[in-house]
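The values are calculated or read from the model by the stated rules, or taken from the named source; none is laboratory data. Values in this document were obtained by computation on a predicted structure and should not be read as measured data. Using ideal geometry, Cβ is built from the backbone for each residue, glycine included, and neighbour counts are taken over all protein chains shown.
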């Protein structure tokens, strides 16, 4: 297989997997809601006042608690598992084809060098 074909297939698979296994999960709940207005563009001018009266800069606020993070990760893992278990089912693939038209509008992915570096570091640490 040509490198270009392999990259195109990997890009399409990455986008459709991200869309149906990650984007359309509890992540949408986190994305929903009222967004604060920032005049600086970096949210340094936005703060949150908690129930005790403590004022916290928006950039320092945790936007997801441990329970919601666990729910989100469970949702994503279950969808990824389902995707892999049903990827050869013709009716499931038909469903994916319909979603593919939406993910085609997304930017094409690029290699994540920070991820590759982290994996290489883990491999180096195991050899020691």
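So the values come out like this:
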read-out	value
Any hit, region 1-23, residues being in contact with a helix residue (DSSP H, G or I) (Cβ under 9 Å, 6 or more places away or on another chain), over 24 Å from residue 112 (Cα atoms) and surrounded by 10 or more Cβ atoms within 10 Å (Cβ to Cβ)	no
Helices (runs of 4 or more DSSP H) fully within region 59-128 counting 1 or more residues that are in contact with a helix residue (DSSP H, G or I) (Cβ under 8 Å, 6 or more places away or on another chain), without any contact (Cβ under 8 Å) to a residue 12 or more places away in the chain and surrounded by 10 or more Cβ atoms within 10 Å (Cβ to Cβ)	66-86, 90-103
Residues of region 35-71 that turn out to be under 22 Å from the mean Cα position of the chain (by Cα) and farther than 26 Å from residue 23 by Cβ, as a count	1
Answer residue from region 24-37, given it is assigned to a loop (DSSP other than H, G, I, E, B) and surrounded by 13 or more Cβ atoms within 10 Å (Cβ to Cβ) and is modelled with the lowest pLDDT among those	24
Given (1) assigned to a loop (DSSP other than H, G, I, E, B); (2) out of contact with any helix residue (DSSP H, G or I) (no Cβ under 7 Å at 6 or more places or on another chain); (3) surrounded by 10 or more Cβ atoms within 10 Å (Cβ to Cβ), number of the condition residue 56 does not satisfy	(1)
